[in-house]
1. Just the residues that are in contact with a Leu (Cβ under 6 Å, 6 or more places away or on another chain) and either in a helix (DSSP H, G or I) or within 28 Å of Asp210 (Cβ to Cβ) (or both), please, taken from segment 293-310.
2. Can you tell me which of Asp139, Asp126, Asp167, Asp173 is at pLDDT 70 or above and surrounded by 17 or more Cβ atoms within 10 Å (Cβ to Cβ)?
3. Which numbered condition trips up Ala276, out of (1) outside any loop (DSSP other than H, G, I, E, B); (2) in contact with an Asp or Glu (Cβ under 9 Å, 6 or more places away or on another chain); (3) without any contact (Cβ under 8 Å) to a residue 60 or more places away in the chain; (4) exposed (fewer than 15 other Cβ atoms within 10 Å of the Cβ)?
4. Which pairs do you get when a residue that is of a type in the set (Val, Ile, Thr), found in segment 230-258, comes within reach of a residue that is assigned to a loop (DSSP other than H, G, I, E, B), reach meaning Cβ atoms under 7 angstrom, with the pair 6+ apart or on two chains?
5. Can you tell me which of (1) of a type in the set (Asp, Glu); (2) in a helix (DSSP H, G or I); (3) surrounded by 15 or more Cβ atoms within 10 Å (Cβ to Cβ) is the one Glu326 doesn't meet?
6. What single numbered condition from (1) of a type in the set (S, T, N, Q); (2) farther than 27 Å from Arg334 by Cα; (3) within 23 Å of the chain's Cα centre (by Cα) fails to hold for Ser246?
7. Inspect segment 289-310 for any residue being more than 24 Å from the chain's Cα centre (by Cα), surrounded by 14 or more Cβ atoms within 10 Å (Cβ to Cβ) and under 30 Å from Val223 (Cβ atoms) and give the result as yes or no.
8. Scanning segment 198-207 for residues that are of a type outside the set (A, V, I, L, M) and surrounded by 14 or more Cβ atoms within 10 Å (Cβ to Cβ), which turns out nearest to Ala122 (Cα to Cα)?
Amino acid sequence: MPAKTPRPNAAVTLERRNRLLAEIASTGKAGIDTASLHEQLLREGTISLRTVQRDLELLAADGAIASDHNHAQPRWRLAKGARLPAARAQAKPLDSHELKSARVALSIVTLYEQASHLLHRAALDDLREQYLRSREVLDKFQRHEGRWLGKVVSGSQQLQLRQAPIDETVLRDIQLALLEGYQLEALYYSRRSAAEQRMVLNPLGLSYRDSSIYLICTKVDEVKVRALPLQRFRSVTPKRSRSIQSPPGFDLQTHARQETLLAAEPIQLKLRINAALRERLDSTETPLAEPQHLSPLGDGWWLLECEIAHTRELQWWILAHGATVEVLEPPALRQAIAQCAREMAGFYAAP
């Protein structure tokens, strides 16, 4: 015989609090004290007095009950205008299928909302219907203890720029051209020449970076790979009869990595970091690299050593941490950070 699936803690808690409300409601205006409520619940199983006290405090904070201090022991009554416990007790605990549906829905809502910090809204529109349906699933279970919505938040420690205004028709036409492999004729605004240009492009991929989307492409009869921000496209016209011409050996993932590289080979990085940053970069938290080595330097400072790609993002990360980190090696990176720090200091020097 299969083992009985244990009931979720949230369902057990909901049932217990509904039972408390029912006991309080049954006493009417007379009310009932905490000890008597505890005694009533003890008849149905083991429960601590502290659990009963905690449940009563939460129900009172929710406005469901109120206490009367005109007796030796405060008595609990239903609050004026509170919902009857019978209505609350009718909420059936979620079965295993409902719980799974709710968890999947919660994951979809969480992923969508987290992606909204990373991807342009136009790129998420195709997922919005699934997102809204998942919220409806969670709304359905709002009556249950735990209340799924509002239990997960997402965000970024990086300042997010406002999203660039993108013509969604342009994005859709580019996506179709990428999927089906044909060229596009585009009307594109060039910031360099401050004029609109008409060109025929080989679309090779899309790059999502912070608050912008870039079309990775080449102009017809050129091999230079370009990254053109979508907000500068005025229009695109599909040329379905003309297949794209990809540069020999082109790989989008390799190209994306090379775009941010400042050195062809990884560097041997040595940083002096303070205690707070050392805690954050611990291997059990959010390490900078795998593997990495941390050793104490004294006076609250630590030495971090690792092999890592030399990228623009690495330099931005170091600069973002200001005086909590010092580059010791390699010399070229130390010089680059020092030069930037000197220029920044000059901006704030006394006149």
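The values are calculated or read from the model by the stated rules, or taken from the named source; none is laboratory data. Bear in mind the structure is a predicted one, so any value in this text is a computation, not a measurement. Cβ atoms come from the backbone with ideal geometry, glycine included; neighbour counts cover every protein chain shown.
1. Within segment 293-310, Leu304, Cys306, Ile308, His310 qualify.
2. Asp173
3. It fails just one condition, (2).
4. Sorted first by the residue in segment 230-258, then by its partner, the pairs are Ile244/Gly181.
5. (2)
6. (3)
7. Yes.
8. We begin by selecting, within segment 198-207, every residue of a type outside the set (A, V, I, L, M); these are 198, 202-203, 205, 207.
Keeping just the survivors that are surrounded by 14 or more Cβ atoms within 10 Å (Cβ to Cβ) gives 202-203, 205, 207.
Details: Asn202: 22, Pro203: 18, Gly205: 16, Ser207: 13 Å.
Step by step, filter segment 198-207, then rank; the result is Ser207.
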